[in-house]
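Below: one structure, written as structure tokens.
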Amino acid sequence: MAHFDDKAFPFSHKWLNERLAIDTLKRVLSTEYWIPKNINFLWAMGMVLAATFGLLLISGIFLLMYYIPDVHKAFDSVNYTIMQEVGFGWFWRHVHAVAASVVFLIIYIHMLTGIYYGSYKRGRELIWISGMLLFVTFSAEAFSGYMLPWGQMSYWAGMVITNLFSMGSLELNGLVEWIRGDYVPGQAFLGRFFMLHVLLIPLAIIGLIVLHFGTLRIPHVNNQDGEEIDFEKEAALWKAGKRKESKVIPFNPVFLSKDVFVMAIYFIIFFYLVFYNFEFAMDPVNMDPADPLKTPPHIYPEWYFLWSYEILRPFSKDIGLIAFGIAQVALFFMPFIDRSPVVAPAHKRGLFFWWFWALVIDMIVLTAMGKLPPQGIYTYIGTVAAIVFLLLGPALVVITLMEKKQQGGK
Ligand code: HEM
């Protein structure tokens, strides 16, 4: 039975520990949460992401104090009240816009690191799946946020993306209207996307981050060589003072200090962007208020959605939608498409190395083509890049089956 010391000072360490087991929590989650020594700065990206999400929350709360979710007032509340009238309103808006863009760059680096080192295998499947769920919820968060300033791109991108729910020839127009709450984006649309952006999706993200961290606890993070580490044995070495011999370090304070170092460099670059180069995160077309009677000549999403938008665009309506659907879910199945039992960095996996770089280059080409107008040579390059993306899935199955066979043959 638990023992409570009546003489312990209320809210002292002892008093709290008896009620909340804070020492045990600290041990399990930080001082005895073991991290392999053999990792590089790319393993700090997870914490960089968590910190950027923190910045999005804080800046979002400040913006929320003055933003008005009304189709007649939203544009001015952002572009006039927040940007010009409220002290430091511009600062919080720049932080929010830059963080929303940069977070996707870091997510892509974090995902590609996982793919390069095979960090979705050997007990780490749920880390990957919870990570993909985070990717989807972050995408929904970015899209719903983009609607809020109610500029030209908010309105027309909202129109184009919600139109996708008509599912091509199925013509599910009722579904599109149900999502919009109207025939076209209007007050109901803005109201529900506002609720999603400031409440429901952030809550889902917080829950998923907790889940993502939870899925990391038992398999531990992977390392640069994909080595299978006996964490208990190595931790015992560390605790016995044989720190040089041990292959692991505790998360707190040793690894955390490295994370903080990488974060410090990241934040220098981040705030440089916020103060001197924020324009990249703000589309000039969205500086015009939404006008349902004036379609912009070229409607495109933010850069982080361009690769998947370009998979949709070159094909006819139905095929484009199917290709787009496949591209959205394919990465979820990474742990199951990669049939090889080998956990190693891509440069030690022969054909997989070339597959990895084909994926990276293809995503960059798709992104570039998605930004350009669908004319002439761009259409051809975009179509080829989209087909290559779709073929990369079956190619991975074949490559990794061959690798599996080679392993079996040894
Ligand atoms: C957006 C919010 C996210 C946060 C806050 C986050 C946070 C973290 C943290 C702190 C780690 C441990 C340290 C590290 O390896 O960086 C980690 C590991 C990992 N994350 Fe994420 N992550 C996020 C999104 C994602 C996404 C989108 C994916 C990909 C689908 C993903 C896949 C992984 C994998 C596979 C690992 C294990 C790495 C290893 O074992 O080496 N995460 N994440």
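Residue by residue through segment 323-371, note down the ones that are in contact with a Ser or Thr (Cβ under 7 Å, 6 or more places away or on another chain) and either farther than 28 Å from Ile39 by Cα or open to solvent by 30 Å² or more (accessible area, probe 1.4 Å) (or both).
Phe324, Ala327, Gln328, Arg339
Exactly one of (1) of a type outside the set (Ser, Thr, Tyr); (2) modelled with pLDDT of 95 or more; (3) open to solvent by 20 Å² or more (accessible area, probe 1.4 Å) is unmet by Phe165. Its number?
Here Phe165 meets the rest and fails (2).
Which one is nearest to the ligand (Cβ to nearest atom), of the residues in segment 122-158 that are touching a Ser or Thr at 6+ places or on another chain (Cβ under 7 Å) and aromatic (Phe, Trp, Tyr)?
Ranking the qualifying residues of segment 122-158, first place goes to Tyr146.
Only helices (runs of 4 or more DSSP H) wholly contained in segment 1-115 count here; list those with 1 or more residues that are within 16 Å of the ligand (Cβ to nearest atom) and surrounded by fewer than 19 Cβ atoms within 10 Å (Cβ to Cβ).
By residue number, 45-64.
Can you tell me how many residues within segment 169-208 are aromatic (Phe, Trp, Tyr) and over 20 Å from Ser154 (Cα atoms)?
Result for segment 169-208: 0.
Can you pull out the residues in segment 286-314 that are assigned to a loop (DSSP other than H, G, I, E, B) and over 20 Å from Met159 (Cβ atoms)?
If the condition is that a residue be assigned to a loop (DSSP other than H, G, I, E, B) and over 20 Å from Met159 (Cβ atoms), then Pro314 is the only one that fits.
Just checking: which of the helices (runs of 4 or more DSSP H) contained wholly in segment 197-285 hold 1 or more residues that are among the hydroxyl-bearing types (Ser, Thr, Tyr) and away from the ligand (no atom under 12 Å from the Cβ)?
256-276
List every residue pair whose Cβ atoms lie under 7 Å apart, where the two residues are 6 or more positions apart in sequence or sit on different chains, the first residue falls within segment 79-95 and is farther than 15 Å from Pro149 by Cα, and the second residue, located anywhere, is of a type in the set (Val, Ile, Thr) and part of a helix (DSSP H, G or I).
Val95/Val274
Suppose we filter segment 372-382 for residues that are surrounded by fewer than 17 Cβ atoms within 10 Å (Cβ to Cβ) and in contact (Cβ under 8 Å) with a residue 24 or more places away in the chain; how many remain?
Residues meeting the conditions: 3.
What number of residues within segment 253-289 are of a type in the set (Gly, Ala, Ser) and open to solvent by less than 30 Å² (accessible area, probe 1.4 Å)?
Final tally of qualifying residues: 1.
Give me a count of the residues in segment 176-197 that are of a type outside the set (Asp, Glu) and open to solvent by 60 Å² or more (accessible area, probe 1.4 Å).
6
Within the bounds of segment 135-144, is there any residue that is at positive phi, surrounded by 15 or more Cβ atoms within 10 Å (Cβ to Cβ) and either modelled with pLDDT under 95 or under 26 Å from the mean Cα position of the chain (by Cα) (or both)?
For segment 135-144, residues at positive phi, surrounded by 15 or more Cβ atoms within 10 Å (Cβ to Cβ) and either modelled with pLDDT under 95 or under 26 Å from the mean Cα position of the chain (by Cα) (or both): absent.
With the condition kept exactly as written, say whether any residue in segment 178-197 is free of Cβ contacts under 8 Å to residues at least 12 places away in the same chain, closer than 30 Å to Val342 by Cα, in contact with an Asp or Glu (Cβ under 9 Å, 6 or more places away or on another chain) and not acidic (Asp, Glu).
No, because not a single residue in segment 178-197 is free of Cβ contacts under 8 Å to residues at least 12 places away in the same chain, closer than 30 Å to Val342 by Cα, in contact with an Asp or Glu (Cβ under 9 Å, 6 or more places away or on another chain) and not acidic (Asp, Glu).
Please count how many residues of segment 290-308 are farther than 14 Å from Pro185 by Cβ, of a type in the set (A, V, I, L, M, F, W, C) and crowded, with 19+ Cβ neighbours inside 10 Å.
3
The values are calculated or read from the model by the stated rules, or taken from the named source; none is laboratory data. The model shown is predicted, which means the values in this text are computed figures rather than measured ones. Note: ideal-geometry Cβ built from the backbone for every residue, glycine included; neighbour counts use all protein chains shown. Surface accessibility is based on the protein's heavy atoms, side chains included, excluding ligands, DNA and RNA. Shrake-Rupley method; radii C 1.70, N 1.55, O 1.52, S 1.80 Å.
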